[in-house]
Amino acid sequence: MRAAKPEGKILFKEEQQFRQWWIWLIIIGLFVLILAGTFVGLNSGERRNPKYERLIFVLSLLAPLVNLVVFYIMRLETVITDEGIYYRWAPFRKNYKAISWTELHRIRVKERRYKGVGDNYQIGYGYTHQVAGPYGVEMEITGTRVWLGTQRLEAFLYALEKAGVPIVQMNK
């Protein structure tokens, strides 16, 4: 279910952004490699289409710059209210994905080493939403599972406790 904004009393709110050094090392490293490759390619002795050289150079710079900007502004917003759990990938998703307490079958707190970063669908598992860190909550909803990562696990669990949601299993 989609919701324009979280409904009910807010018990927990978290915004997670991609600020891991290794992600930025990969993005900036690719940017430098593409820039160097384009520079070497354009300055080689052989010129096939000299009138398109400037366009090629600009396009080769735009692709990694767009990637850099997207990773910088993208964030996972998680809100727990007395009505349910709301999450979205801002600014690309305008509405929140809402999970009401009535459609939630089971919640498990887990530590996972690597389940993927970002918004993924994994066959045989369900949806995973993770920015950084190994901690998160696995929720079994009608028909699927959702993994929601958090960097503030204790506050997340406290909000679930205040909402009266029983946690079935804890693997830490």
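The values are calculated or read from the model by the stated rules, or taken from the named source; none is laboratory data. Remember, it's a predicted structure, so these values are computed and weren't measured experimentally. Note: ideal-geometry Cβ built from the backbone for every residue, glycine included; neighbour counts use all protein chains shown.
Need the failing condition index for Val40 against (1) surrounded by fewer than 17 Cβ atoms within 10 Å (Cβ to Cβ); (2) under 19 Å from the mean Cα position of the chain (by Cα), just the number.
Only one criterion in (1) surrounded by fewer than 17 Cβ atoms within 10 Å (Cβ to Cβ); (2) under 19 Å from the mean Cα position of the chain (by Cα) is unmet by Val40, namely (2).
Look through the stretch 83-105, keep the residues that are hydroxyl-bearing (Ser, Thr, Tyr) and surrounded by 20 or more Cβ atoms within 10 Å (Cβ to Cβ), and return whichever of them is farthest from Val137 (Cα to Cα).
Tyr96
Given Glu53, Glu140, which one is in contact with a helix residue (DSSP H, G or I) (Cβ under 9 Å, 6 or more places away or on another chain) and modelled with pLDDT under 90?
The unique qualifying residue is Glu53.
From Ile34, Ile80, Ile27, grab the single residue that is in the same structural domain as Gly136 (by TED's automatic domain parsing) and surrounded by 14 or more Cβ atoms within 10 Å (Cβ to Cβ).
Ile80
Starting from the stretch 118-131, take each residue that is farther than 14 Å from Arg145 by Cβ and list its partners that are at pLDDT below 75, counting only C-beta distances under 7 angstrom and pairs at least six apart or across chains.
Short answer, once both residue conditions are applied: Val131/Val117.
Restricting to the stretch 130-153, what's the tally of residues that are within 25 Å of Ile23 (Cβ to Cβ) and out of contact with any Lys or Arg (no Cβ under 9 Å at 6 or more places or on another chain)?
Count: 5.
Answer yes if at least one residue in the stretch 149-161 is crowded, with 16+ Cβ neighbours inside 10 Å, in contact with a Phe, Trp or Tyr (Cβ under 7 Å, 6 or more places away or on another chain) and within 19 Å of Lys9 (Cβ to Cβ), and no otherwise.
Within the stretch 149-161 (the criterion being crowded, with 16+ Cβ neighbours inside 10 Å, in contact with a Phe, Trp or Tyr (Cβ under 7 Å, 6 or more places away or on another chain) and within 19 Å of Lys9 (Cβ to Cβ)), the answer is yes, since at least one residue qualifies.
In the stretch 106-121, which residue that is among the charged types (D, E, K, R) and either exposed (fewer than 12 other Cβ atoms within 10 Å of the Cβ) or at pLDDT below 85 (or both) is nearest to Met139 (Cα to Cα)?
Lys110
Just to verify a result, which residue in the stretch 122-147, among those that are among the hydrophobic types (A, V, I, L, M, F, W, C) and not in a strand (DSSP E or B), is surrounded by the fewest Cβ atoms within 10 Å (Cβ to Cβ)?
Within the stretch 122-147, the match that is surrounded by the fewest Cβ atoms within 10 Å (Cβ to Cβ) is Ile123.
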